[in-house]
1. Could you tell me which of rounded, prolate or oblate describes the range 26-110, using a ≥ b ≥ c as the square roots of the eigenvalues of the alpha-carbon gyration tensor, with rounded for a/c under 1.5 and, failing that, prolate when a/b is larger than b/c and oblate otherwise?
2. Can you pull the accessible area of ARG102 for me, 1.4 Å probe, Å² to the nearest 10?
3. State whether the range 1-61 is rounded, prolate or oblate according to the following rule on the C-alpha gyration tensor (a ≥ b ≥ c being the square roots of its eigenvalues): a/c under 1.5 gives rounded; otherwise a/b larger than b/c gives prolate, and the remaining case gives oblate.
4. Tabulate in residue order the Karplus-calculated ³J(HN,Hα) for the range 134-149, using 6.51 cos²θ - 1.76 cosθ + 1.60 with θ = phi - 60°, rounded to whole Hz; enter x for Gly and Pro.
5. Please give me, ordered by residue number, the GluC sites (Glu not before Pro) of the range 34-108 that lie in loop per DSSP and have at most 15 other Cβ atoms within 10 Å.
6. If you wrap a convex hull around the C-alpha atoms of the range 148-275 and split its volume per residue, what is the figure in Å³?
7. Keeping every protein chain in place, order ASP219, ASP106 by accessible area at 1.4 Å, biggest value first, i.e. largest first.
8. For the range 54-62, in order, what is each residue's ³J(HN,Hα) by Karplus, 6.51 cos²θ - 1.76 cosθ + 1.60 with θ = phi - 60°, in whole Hz (x at glycine and Pro)?
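The values are calculated or read from the model by the stated rules, or taken from the named source; none is laboratory data. Note that this is a predicted model, so its numbers are computed, not measured. Here the Cβ positions follow ideal geometry from the backbone for every residue, glycine too, while neighbour counts run over all protein chains shown. The protein model used for the area step is the full one, side chains on, heavy atoms only, and it has no ligands, DNA or RNA in it. Shrake-Rupley method; radii C 1.70, N 1.55, O 1.52, S 1.80 Å.
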Amino acid sequence: MEAAALPAALQLVASGDTGLSLEKRAALGASLLLLQRDYRFERVWFWGCIQGVRGTYYIAQGLGPDLAAPRSRLYSLNCAEWSLLPPATEEMVERAELLTGRFQGDPSFEYAYAEVNAEDDENFQDDGKELTIKEENRLVATIEQIDRAVGIIPRRALMKTPLGSVHENRSFEGLSLTEAKKLSSYFHFTEPVNLKNKTLLEKADLDPSTDFLDSLEHDVPQGSWTVQFEKGSTVVVLRSLLWLGLTFYHVPMTKQYGYIYCGTGEKNLDLPFML
């Protein structure tokens, strides 16, 4: 969610546990603006927080003019001092998927792969040393996983130019009440997968400038999202059951929308058995 609209946005998702005290919210309001100035970001989003055993990581994302370009990710342990995270690679994501359990809250903590699967010879390097992954790398890989799986935007909120860059759609005035109830009105804010597999006939009714992402209606497993109207049906709230703690909000007929994640950074692998 936008750093400038953080206080109002947190009120709209107040029914979910954001884990942010008044002191933390005040500190974020001041530090995120300084972060945008110091790093010269076009805009800064407060992504959320990942709760560890001994501490909590507060995450922010810095964006440039092209919203589809790779984002800079930063973390803080006190909502005041921020550290830049390394870019997430496919290798980081694959290794992080092997790890289970809570985060420790210490960026320098190292996980040993032998603890995950002691019988796998690939857990050891050629010189016999055990493969490890720092919690800092696990953190950025988990953020990447969550963004790919459940980072969402309303339909038509963003626009793709003929040159391929993505910008805010200035003509977007929000979803109607009817549209806001449908999962097809929300898109994954990541590289599309299902869209590439659609036939020309299925793409005939799509606008390439706004319908360039995958919608939520075909997410697997079915039923991994809940859609609710709250605060007297003035705001629609989507919650992910796959990544518990992800909350998206949108005020119909306005430009207000955003999402925040506040959880342990663990994927709900039991979801198929709960539906």
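1. Numbers: a/c = 2.57, a/b = 1.30, b/c = 1.97.
Taking the square roots of the gyration eigenvalues as a ≥ b ≥ c, the range 26-110 is oblate.
2. We get 90 Å² for ARG102.
3. Values: a/c = 1.93, a/b = 1.33, b/c = 1.46.
Oblate shape, in that a/c is at least 1.5 and b/c is the bigger or equal ratio.
4. Per residue, the Karplus-derived 3J(HN,Hα) values read 6, 5, 4, 6, 5, 4, 5, 5, 5, 4, 4, 4, 5, 4, 5, 7 Hz.
5. Working: sites: GLU42, GLU81, GLU90, GLU91, GLU94, GLU97; in loops: GLU42, GLU81.
In loop regions of the range 34-108 (DSSP not H, G, I, E or B), the sparsely surrounded GluC sites (Glu not before Pro) are GLU42, GLU81.
6. Looking at the range 148-275, the number lands at 127 Å³ per residue.
7. Values: ASP219 25, ASP106 55 Å².
Greatest to least solvent exposure: ASP106, ASP219.
8. Couplings: 10, x, 10, 8, 9, 10, 10, 10, x Hz.
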